[in-house]
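This report refers to the structure that appears directly beneath it.
Here, each number is a calculation from the coordinates, and none is a lab measurement. Quantities reported herein were computed from a predicted structural model and do not represent experimental measurements. Note: ideal-geometry Cβ built from the backbone for every residue, glycine included; neighbour counts use all protein chains shown.
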Amino acid sequence: MRQGQGGRVCGLLLLKEKREDMSAVMSRLWYKQPAAAWEEALPLGNGRMGAMVFGRIADEQIQVNEDSMWYGGKVDRTNPDTLRYLPQIREFILSGEIQKAERLMKMAMSGCPDSAHPYQTLGNIHFAFENIGSVTAYERSLDVDRAVYTNTFTADGIRYRRELFLSVPDDVMVMRICADKKSAITFQALLRREKFFDGVKKAGEDGICLYGNLGKGGFDFAMQLTAYPKGGSVQVIGEHLLVEDADEVLLYFCAGTTYRMQDVEKEIDTCIRQAAKKPYEELLGRHVADYRALYDRVAFSLGDLSAFDAVPTDKRMQLAAEGSVDEGLSKLYFDYGRYLLISCSREGTLPATLQGIWNKDMLPPWDCKYTININIQMNYWPAEVCNLSECHRPLLELIRKMVENGRDTARRMYGCRGFMAHHNTDIWGDCVTQDHWLPGSFWVMGAAWLCTHQWTHYMYTQDKEFLAESFPIMREAALFFLDFCIEDGGYLKTCPSVSPENTFILPNGEKGSNTAGVTMDNQILRDLFGQCIQAAEILGVSDELNEQIKAASEKLMPTRIGRKGNILEWQEDYEEAEPGHRHISHLYGLHPSEQITMDGTPELAKAARVTLERRLSHGGGHTGWSRAWIINHYAKLWDGEAAYHNLEQILAKSTLPNLFDNHPPFQIDGNFGATAAIAEMLVQSTSQRIVLLPALPAVWKSGFVKGLCVKGGAEVDICWQDGVLTRAVIRAKHGICTKVRYRDETMELILKAGEERIVQF
C-alpha cells in the first residue's frame, strides 16, 4: 500500500496525546429554545445521581434521580407449585400440546406476586426566577467533551449564565447562576415529588430537604438543595428556598437513601457542606478531570465537521427525520453514547436500568427494571471496546448479588443445583419469573447470558484475579443447566424456554411461545460452557464438574439453517406469528457472540444475512434497540453500507431531540447498542484475530479512531484516507499473540506487555 501525504499527517495525529488536537470540532448538543418536554431536556449524571435539565427561563425545572430509589423491599415471590407441575409441563411441550403447557405454566410458574417492585423517580427541583423580561440570544447546550451543561440568554440588557455539572469526586450536583449586572438574581426554589414522601423542612438557614420512605420494607430517602449567594440574601420560608438580589449564586444538590447511608439527611448535608468549602473552579476542575480520565481514552474523527455543529441539534434531528442524516451525527452519537455510559454507570453505583439513571415516572415503562433478555446486556456492549471497562463493573457486581437468590430459585422452582435467573431482575437481585407473559416470562437463560459478560471483561482486561473470582459463578450458572436440561433426540435441550419475546405458529394453526431447544439457548450455552472450559484451563482447574461441562457442550444442538435459507429460531422450522419481530435472538451467535463469523462460518454468515433481510422486509428494526442490534449484525457481516444505512435509520426514526434512544418510549439501550456498533464497524476482535475497518462505510471517507480496545488486552489506533487504511498502531497492555486482518490480508502479531506496533498493509 502506498502512503500519501494524507496518511502521514493522519499518522502523526495518532501519536498526539492532547485531545484538543484529535478532533476538528467539539461534541455538543445545543438548542435555541428551552425543552418543551422531558424528552428534550439534557441529561447529567455521576452514576449514582442523574438530572434532566429543561433550560427554562423563568420557571426552570430539573428532574432528578438517585440509583437506589427502588420501591419497597426484597420479596420472596417463588411460586410453590412450579416443581410439582414441571414434569407435566415438559410432557405437554414434548408431545406438541403447547397451549396446554402454556395454560399450566401461567399458573404454576408465574411469580407470587407476579411482578417485582419498580424503580422510581426521585422528584424535581423547581425554580421561579423573578424580574426577567423579554429574552434574546438564548442558548442551552451540553458539552459532551466536559460533561457540563450551560444555559445563556439576555433579558432586559442583562446577560445571564447558568452552568451545571454532576460531580463524581465530590458527589454533588453544582449549579452556578450568574449575571453581568449586580443584584440581578432573585428566585424561589422548591423540591417536589409527585407523591409518596413525608415532608419538606429546613436544612439550616440556606437549604431545604425533602424526605420520605419507599414503602413497606423500603429505604428512607432524602434530597437537599442549598444556596450560597454572593451579594443579596438567602432564607427559607416554609417549603421555599428564597434567594434575593444576588450577584451570583452557587447551588448544591445531593440525595441518597438508606441503601448506602445510615443517616441520609446528615450525610447528604455533610456532602454539600464539604463541597461548598471548595472554590467553584476547583469543583469544576475536579469534575472535568475525573470525567475526561475516562472519556479521553477514545477519540473518533471524521474530519472537519464544524459546518454541521453550527446547526442546532434539534434541527439536525428534524433534517434526519426528513431523510437528510448528516455525517457528523455519527461522531456526535458515538461520543454521546460514551458520555451516557460514563454518566450512568460508575464503579460503586448500581447498573444502568432501561432508562440509565434518567427516569421521570413513579411507575415507569416496564418498571425501569433490569431486563436481562437483551436490554441490560446491550447497555454494556460499548464498555470494553470503548475503553470503559470500569463502567462495566456495576453490572458485574449485580451478577454477584444475584447468585444467592438464583440458587434459591433454581432449587425451589426447578429442583436444580447452581444458580439461574429469568428475564428480569432488580436492585435485590430477584431471579424469579417476572409477570405472566407467555412470550417472555418463562425464559431461563438470564444468568447464563449475564455470565458471558464476566468472560468478556476478562478477555479485554486479561485480569486473572477477576477471572478467578468469577469462575465459580460461571460454573454455578453452567451447573444449573446440567441439571435442568433434558435429553431429547440425542441433544441436551432447555425445556421449557422461549425465543424472547417471539411467537411461532404450529402446523395446526395454533400459536405458541414456549418450547424446547431454542436456538438462542443453545448458542448461549455453547458460550457459557466453552468459557467455563477455557477459564478452567487458564486457572489450572481439572475436576469432575469440568468434565461434565465438556460432555454437555458436545450434546448441544448446532445452529441450523431453515428451508428459507435463514437461521432457524426454534428447533422446528416454524412460521413466525410476527416475521418482523423486534427480537432477533437466534442471531445471538453473530452478535454479541463470535460463533458466526465471515471468515470462520461463511454458510452461517450467509444465513444470518437472509435472516436480517427477512426481518427488515417485514418491518423489523422498528424499536430503537432492535435497530441498534441490526447495526451490530451488519458490522459483523462486514457490510459497512448496510450498517451505516441502519445507523441512519436509528437516527431518523428512533432518536429523540435530546439524542435519547426511542423504543418508543425512551430506552437507553439503543444508544449504547449503536455506540458499540460504530466501534464494531471500525475494529473487531476475537481470541484469534483483530480485524481493522471491517465495515467502513463510504461516507466515512477519511478519519481516525484512537484508543479502542480489542480482546487479548490491547488498544488500537486506526487512520484511513479515501476509504483505505493508512496506518494502525496496536499497543499491548498485556502480552498478546494474535493475527491482524485488513480486507483479504493477514499478518501475525506478537507483542509483550507495554510494546506497540505500527501496522501497515
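Using alpha carbons only, how many degrees (0 to 90, rounded to 10) separate the axis of helix 5-14 from the longest principal axis of the chain?
Approximately 80 degrees, to the nearest 10.
Using the Kirkwood radius over Cα pairs, work out the Stokes-Einstein diffusion coefficient for the stretch 369-557 at 25 °C and 0.890 mPa s, in µm²/s as a whole number.
This corresponds to a translational diffusion coefficient of 146 µm²/s.
Tell me, what does the Kirkwood hydrodynamic radius of the stretch 178-334 come to in angstroms if you use every pair of distinct C-alpha atoms?
Mean inverse Cα-Cα distance, inverted, gives 19.3 Å.
Using each residue's phi in the stretch 128-138, evaluate 6.51 cos²θ - 1.76 cosθ + 1.60 at θ = phi - 60° and report the 3J(HN,Hα) Karplus result to the nearest Hz, with x for Gly and Pro.
Per residue, the Karplus-derived 3J(HN,Hα) values read 10, 8, 10, 6, 10, x, 5, 10, 9, 6, 7 Hz.
Going Cα to Cα from LYS106, which lysines come in below 26 Å? Please leave out same-chain ones fewer than 8 positions away.
Qualifying lysines at Cα under 26 Å: LYS74, LYS369, LYS493, LYS511.
Where does each of 712-719, 581-588, 666-673, 133-140 land if you order them by average Cβ count within 10 Å, highest first?
The most tightly packed comes first, giving 666-673, 581-588, 712-719, 133-140.
Show which aspartates and glutamates lie in cross-link reach of LYS32 when reach means a straight Cα distance below 14 angstrom and same-chain residues fewer than eight apart are skipped.
GLU40, GLU139, ASP309, ASP314
Using only Cα atoms, locate the centre of the stretch 251-294 and the centre of the stretch 468-539, then give the distance between them in Å, rounded to an integer.
45
Once phi is turned into θ = phi - 60°, what whole-Hz ³J(HN,Hα) does the Karplus curve with 6.51, -1.76 and 1.60 give for every residue of the stretch 258-272, x standing for Gly and Pro?
Along the stretch 258-272, the couplings run 6, 4, 10, 10, 7, 10, 4, 4, 5, 6, 6, 5, 4, 4, 5 Hz.
Quick one: the Cα spread of the chain along its three principal axes, in angstroms, biggest first?
Sorted largest first, the three principal extents are 82, 69, 50 Å.
Cβ neighbours within 10 Å, averaged per peptide: list 734-743, 603-612, 431-440 in order, most packed at the top.
Numbers: 734-743: 17.0, 603-612: 20.3, 431-440: 23.0.
Descending mean neighbour count gives 431-440, 603-612, 734-743.
Counting only DSSP beta bridges with both residues in the chain, tell me the antiparallel percent, nearest 5.
95
Please grab the % of Cα pairs in the stretch 111-255 that end up more than 25 Å from each other.
Values: 3938 of 10440 pairs.
In whole percent, the long-distance tail amounts to 38.
Projected area of the stretch 564-685, taken from the Cα convex hull and averaged over every viewing direction, in nm²?
Computed as one quarter of the Cα hull surface, the answer is 7.4 nm².
Over 27 Å between C-alpha atoms is what I'm after, so list which of LYS202/LYS277; LYS195/LYS216; LYS401/LYS464; LYS202/LYS278; LYS181/LYS266; LYS331/LYS711 land there.
Over 27 Å Cα-Cα: LYS181/LYS266.
Sorted from largest down, what three extents in whole angstroms do the Cα atoms of the stretch 617-704 have along their principal axes?
So the three principal-axis extents are 39, 28, 27 Å.
Semi-axes of the stretch 364-426's equivalent ellipsoid from the Cα gyration tensor, sqrt of 5 times each eigenvalue, largest first, rounded to whole Å?
Values: eigenvalues 124, 44, 17 Å².
So the three semi-axes of the stretch 364-426 are 25, 15, 9 Å.
Name the long-range amide H neighbours of ILE596: under 5 Å, sequence gap of 5 or more, or other chain; modelled H, no Pro or chain starts.
Correct list: LEU590.
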